[in-house]
Amino acid sequence: MIDWQWLAFDDIPNADLYELLRQRQQVFVLEQQCLYPDLDGDDPAAHHLLAWRSEDGKRELAAYLRCLAPGARYTEMSLGRVLTTQAARGLGLGRQLLEQGIAHAERLHPGHRIRIGAQAHLESFYASFGFATISAPYDEDGIAHIDMLR
């Protein structure tokens, strides 16, 4: 069972903030071997979706994304830092994460489109949620990315 939690930055308990930042580092910096500034200054203005599960009696982060308001990064609102932790992969959480993220983002900012900077190999995954590619592939930290809009 997954416990979905949407929180503004200031409402994230310290231990949970530490865990989400630790998992972002694990996935984006260590696994994907990208040296980039994950702490980019956008987190305080974002809403954060955390998916928690219990494994062997221990609560652990299973998936995460953040939502930025229109104008914070792009003209549109945006979803980013989308991840499923290594321990939770293969459980179908990626689809649930995007469904939850899109629904809540649309409640937060009704009538606005959603932009993502997606890893190019995930284009069909995001397209299945109604995102359309709006850019040519570009290199970001050694990984091919594309911009997509919903």
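Assorted remarks:
- Normalising the average separation of contacting C-alpha pairs (under 8 angstrom, six or more residues apart) by the number of residues puts the relative contact order of the chain at 18 percent.
- Under the Karplus curve 6.51 cos²θ - 1.76 cosθ + 1.60, θ = phi - 60°, whole-Hz ³J(HN,Hα) for segment 42-57, x wherever Gly or Pro sits: 8, 4, x, 8, 8, 9, 10, 9, 10, 10, 10, 9, 9, 10, 6, x
- Residue-averaged [θ]222 nm for the chain, counting only DSSP H segments that reach four residues, each worth -39500 (n - 2.57): -6500 deg cm²/dmol
- Residue-by-residue Karplus 3J(HN,Hα) for segment 107-124, coefficients 6.51, -1.76, 1.60, Hz, glycine and proline x: 6, 5, 9, x, x, 9, 7, 10, 10, 9, x, 9, 5, 4, 5, 9, 4, 5
- Between amide H atoms placed 1.01 Å from N, distances below 5 Å from Thr85 occur with Ala63, all of them 5 or more places distant or on a separate chain.
- Anisotropy class of segment 1-50 from Cα gyration tensor, a/c 1.5 cut: oblate
- Ordering of 45-56, 100-111 by packing [mean C-beta count within 10 Å, highest first]: 45-56, 100-111
- Each Lys or Arg adds one and each Asp or Glu takes one away; over the other residues whose Cβ falls under 11 Å from the Cβ of Tyr64, this sums to +2.
- Counting Lys and Arg as +1 and Asp and Glu as -1 over every other residue whose Cβ lies under 12 Å from the Cβ of Ile146, the net charge comes to -3.
- Karplus-derived 3J(HN,Hα), 6.51/-1.76/1.60, for each residue of segment 4-17, Hz, glycine and proline x: 8, 9, 9, 9, 6, 3, 5, 9, 7, x, 3, 5, 6, 4
- Rounded FRET efficiency, nearest 0.05, which uses the C-beta distance separating Ala120 from Val29 and R0 of 22 Å: 0.70
- Label-point separation in nm, Ser54 to Arg95, each point 7 Å along Cα→Cβ: 2.6 nm
- One decimal place: the segment Leu108-Ala127 gains 4.6 nm when fully extended, by the rule 0.36 nm per residue minus the C-alpha distance.
- Counted charge near Pro137, where neighbours are those whose Cβ lies closer than 12 Å (Asp, Glu -1; Lys, Arg +1): -4
Taken together, the values in this text are just the output of simple stated rules run on the coordinates, not laboratory data. Remember, it's a predicted structure, so these values are computed and weren't measured experimentally. Ideal geometry is used to build each Cβ from the backbone, glycine not excepted, and the neighbour counts take in all protein chains shown.
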